[in-house]
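Let me begin by presenting the structure, written as structure tokens, before commenting on it.
The values are calculated or read from the model by the stated rules, or taken from the named source; none is laboratory data. All values reported here derive from a predicted model rather than from experimental measurement. Glycine gets a Cβ as well: all are built from the backbone with ideal geometry, and neighbour counts include every protein chain shown. Quick note on the areas: whole protein, heavy atoms, side chains included, nothing else; ligands and nucleic acids left out. Shrake-Rupley method; radii C 1.70, N 1.55, O 1.52, S 1.80 Å.
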Amino acid sequence: MPPFSDNDNEPNPVDDEDAPVLDLASRLTQDHHQSLKLWLRMLSCTVRIENEIRSRLRASFGITLPRFDLMAQLERYPQGLRMGELSKRMMVTGGNITGITDQLEQEKLVVRVPDPKDGRAYSVKLTAAGRKAFATMAAEHEGWIAELLQDMSGADKSQLIDLLSQMKRHLNASDEK
């Protein structure tokens, strides 16, 4: 593992171990707007956690984060979801969903079934093997998240959840205008 700097544990460049590496939020100056600083700090933390989870999923289960995410969506909807709904929920193109579904179908983790409401469309469902595999991965995933956030107190986590929930409500309200 590369050495880390004092700036949010960002790895130092290999060619100059003494040079600090700044994350997105650390690059800002006092002249930048506070909202921009907040957004970049949230993005930086999200990217760090996502990259670690992505790496662990690959190493432990040989699966990509998008495949895990698709299975997570299907786990919430045992009756299955149409491809367009999966695309919307995962915020990716239909082509991406098709490719991910094709891979999972080849591994017998999902199956396409005719949609009972529209004979021209298909829903995607987890197979029994897919439900079992996802349950194992999800339990491990939850442990990883707990591990990555273990240094935050419960009170700090609760406060951050409350603040981000408030932010989400404000953003949703502005979408409705």
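Here are some notes:
- Just so you know, in segment 124-133 the residues that are without any contact (Cβ under 8 Å) to a residue 40 or more places away in the chain and open to solvent by 60 Å² or more (accessible area, probe 1.4 Å) include one that is farthest from the chain's Cα centre (by Cα), and it is Ala128.
- Test for Val21: is it open to solvent by 90 Å² or more (accessible area, probe 1.4 Å), part of a loop (DSSP other than H, G, I, E, B), out of contact with any helix residue (DSSP H, G or I) (no Cβ under 8 Å at 6 or more places or on another chain) and modelled with pLDDT under 95: no
- Gln34 passes every criterion in (1) polar (S, T, N, Q); (2) surrounded by 11 or more Cβ atoms within 10 Å (Cβ to Cβ); (3) closer than 28 Å to Lys157 by Cα apart from (2).
- Residue among Gly130, Gly84, Gly143 that alone is closer than 20 Å to Glu50 by Cβ, in a helix (DSSP H, G or I) and of a type in the set (Gly, Ala, Ser): Gly143
- Residue match in segment 102-123 (condition: open to solvent by 80 Å² or more (accessible area, probe 1.4 Å), among the acidic types (Asp, Glu), modelled with pLDDT of 95 or more and part of a helix (DSSP H, G or I)): no
- Some residue of segment 32-44 being under 30 Å from Lys125 (Cβ atoms) and at pLDDT 95 or above: no
- Hits in segment 46-71 - residues which are open to solvent by less than 50 Å² (accessible area, probe 1.4 Å), among the hydrophobic types (A, V, I, L, M, F, W, C) and in a helix (DSSP H, G or I): Ile53, Leu57, Leu65, Phe68, Leu70, Met71
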